[in-house]
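All of the numbers you see were taken from the coordinates with simple rules; none came from a lab. Computed from a prediction, not measured in an experiment: that's the story for all the values here. Every residue, glycine as well, gets a Cβ built from its backbone with ideal geometry; the counts of neighbours run over all protein chains shown.
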Amino acid sequence: MNCIDIIEKIESEHSASKEEYAFLLKNISAGERELLRKKAQKTALNVFGNKVFIRGLIEISSVCKNDCRYCGIRKSNRNAVRYRLTKEQILECCKNGYGLGFRTFVLQGGEDGYFTDEVMTDIVSTVRKEYPDCAITLSLGERGYQSFKKLFEAGANRYLLRHETADMEHYNKLHPNEMSFERRRQSLFWLKEIGYQTGAGFMVGSPYQTFETLAEDLIFIKELNPEMCGIGPFIPHKDTEYRNYPSGSLELTLTLLSIIRLLKPDILLPATTALGTVDAKGREMGILHGANVVMPNLSPAEHRADYSLYDNKICTGDEAAECIKCLSGRMKSIGYQIVTDRGDYCPNERKQKDV
Ligand code: SF4
């Protein structure tokens with residue numbers, strides 16, 4: 001077994017064993033990493049061309065009932081500034097975003113009890129009615145099968161719920177006892193069953209993570225077969241017990257992006273804000289390693305800094321129009337183009353036939 005054989009196997013068979021993934025992550029050389037990057041970029045270009053989809057992120061609440069150990073807005077953090085947007089504010093963000101060309105709105109927040117099914121279905125169905133040509137993505141944590149279903153029926157199309165880690169022991173170290181590894185996995189399968197375009201994902205370099213747990217993440221991605229996968233480096237938050245842990249590695253995150261692109265050529269794969277936080281050119285590098293989505297922030301500027309999951313988050317001061325201009329320029333500088341398209345998941349075979 002050597003790294004090149006494993007890279008070629010992932011490219012041709014879209015899978016590998018846990019041992020092979022772990023071996024590759026542990027032993028990949030700079031030259032092999034470049035080979036992997038080129039293959040991943042070529043694969044993304046074959047499926048999406050040089051187009052990069054944009055998603056307008058609206059951070060609707062910094063209130064959360066959970067206490068994930070790594071998170072800056074965990075409930076026990078008394079220093080966190082709590083806010084929640086009103087329905088009117090959310091609609092205002094959508095209006096602003098629509099005018100800027102966004103055709104996907106991502107409503108993201110902590111697990112905030114205020115946003116009951118009744119409140120959320122009202123918001124989702126209003127956005128659906130006012131913007132029938134837009135995709136609505138939700139990222140509101142675990143809610144239960146019936147709740148997910150109601151929101152889907154109200155007009156939501158996609159749901160992002162990072163699995164965080166596919167290793168139970170690791171999950172239990174990062175989360176308090178009340179949170180369940182099984183329930184998180186079950187939620188993801190429910191979302192798929194209901195018909196959402198579903199996004200899983202994990203942090204790279206989180207405390208206690210090993211190459212073996214990352215290999216399990218890759219196996220889980222294959223098993224769940226999500227339409228989207230959000231991965232970004234772990235970045236510590238000053239008000240958590242992990243404040244002194246180092247951030248996840250840029251290089252390892254990029255390697256994983258490339259592996260995931262080869263594993264599932266048509267997956268929607270964002271170059272995350274966290275990637276842009278650990279390196280000024282992180283998002284550009286993400287795209288060059290096989291990512292095809294960026295998520296500029298449409299949240300009201302006065303609340304940006306309060307949605308503080310990790311320290312030093314970029315773009316907390318810019319207005320949405322500035323964000324899109326900046327990202328558009330960044331993408332152009334590497335030969336890519338931002339597109340104002342819903343950017344739905346489309347199975348690879350269909351896309352290639354359409355081209
Ligand atoms: S990671 Fe999500 S669920 Fe966990 S505390 Fe933070 S906002 Fe809440």
Please specify each residue of segment 95-128 satisfying the condition of being touching a residue at least 60 places away in the same chain (Cβ under 8 Å) and more than 22 Å from Cys64 (Cβ to Cβ). Asn96, Gly97, Leu100, Gly101, Phe102, Arg103, Thr104
Of Tyr171, Tyr196, the only residue that is crowded, with 19+ Cβ neighbours inside 10 Å and over 22 Å from Leu309 (Cα atoms) is Tyr196
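A quick yes/no check of all residues on (1) under 18 Å from the mean Cα position of the chain (by Cα); (2) part of a helix (DSSP H, G or I):
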position: Pro246; (1), (2): no, no
position: Leu254; (1), (2): yes, yes
position: Ile259; (1), (2): yes, yes
position: Pro265; (1), (2): yes, no
position: Glu284; (1), (2): yes, yes
position: His303; (1), (2): no, yes
position: Lys313; (1), (2): yes, no
position: Arg330; (1), (2): no, yes
position: Asp344; (1), (2): yes, no
With within 24 Å of Asn157 (Cβ to Cβ), more than 16 Å from the ligand (Cβ to nearest atom) and not charged (D, E, K, R) as the only criterion, which of Leu91, Leu85, Leu57, Leu107 stands out? Leu91
Going residue by residue through segment 129-145, is there one that turns out to be under 24 Å from Thr240 (Cβ atoms) and of a type in the set (A, V, I, L, M, F, W, C)? yes
Among the residues of segment 92-120, write down those that are buried (at least 18 other Cβ atoms within 10 Å of the Cβ) and in a helix (DSSP H, G or I). Cys93, Cys94, Gly97, Tyr98, Met120
Since Asp344 meets every condition but one in (1) more than 22 Å from Gly99 (Cα to Cα); (2) of a type outside the set (Phe, Trp, Tyr); (3) touching an Asp or Glu at 6+ places or on another chain (Cβ under 9 Å), which condition does it not meet? (1)
Do the conditions hold for Phe102, that is, is it within 21 Å of Ser139 (Cα to Cα), of a type in the set (Phe, Trp, Tyr), within 20 Å of the chain's Cα centre (by Cα) and away from the ligand (no atom under 16 Å from the Cβ)? yes
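For segment 68-78, does any single residue satisfy the condition of being part of a loop (DSSP other than H, G, I, E, B), among the hydroxyl-bearing types (Ser, Thr, Tyr), surrounded by fewer than 21 Cβ atoms within 10 Å (Cβ to Cβ) and in contact (Cβ under 8 Å) with a residue 60 or more places away in the chain?
Taking every residue of segment 68-78 in turn, none turns out to be part of a loop (DSSP other than H, G, I, E, B), among the hydroxyl-bearing types (Ser, Thr, Tyr), surrounded by fewer than 21 Cβ atoms within 10 Å (Cβ to Cβ) and in contact (Cβ under 8 Å) with a residue 60 or more places away in the chain.
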Looking only at segment 152-162, which residues are surrounded by fewer than 23 Cβ atoms within 10 Å (Cβ to Cβ) and not acidic (Asp, Glu)? Phe152, Ala154, Gly155, Asn157, Arg162
From the list Arg69, Arg33, Arg74, Arg37, which residue is within 10 Å of the ligand (Cβ to nearest atom) and touching a helix residue (DSSP H, G or I) at 6+ places or on another chain (Cβ under 8 Å)? Arg69
How about segment 156-190: which of its residues are charged (D, E, K, R), within 14 Å of the ligand (Cβ to nearest atom) and closer than 21 Å to Pro270 by Cβ? Arg162, Glu164, Arg184
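Residue-by-condition table, conditions (1) farther than 25 Å from Ala156 by Cα; (2) crowded, with 17+ Cβ neighbours inside 10 Å; (3) within 19 Å of the chain's Cα centre (by Cα):
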{"residue": "Arg183", "(1), (2), (3)": "no, no, no"}
{"residue": "Ser187", "(1), (2), (3)": "no, yes, yes"}
{"residue": "Leu191", "(1), (2), (3)": "no, yes, yes"}
{"residue": "Ala200", "(1), (2), (3)": "no, yes, yes"}
{"residue": "Thr210", "(1), (2), (3)": "yes, no, no"}
{"residue": "Leu224", "(1), (2), (3)": "no, yes, yes"}
{"residue": "Met228", "(1), (2), (3)": "no, yes, yes"}
{"residue": "Ile231", "(1), (2), (3)": "no, yes, yes"}
Just one listed residue, out of Leu218, Leu138, Leu214, is within 16 Å of the ligand (Cβ to nearest atom), closer than 22 Å to Val293 by Cβ, outside any loop (DSSP other than H, G, I, E, B) and in contact (Cβ under 8 Å) with a residue 24 or more places away in the chain, and it is Leu138
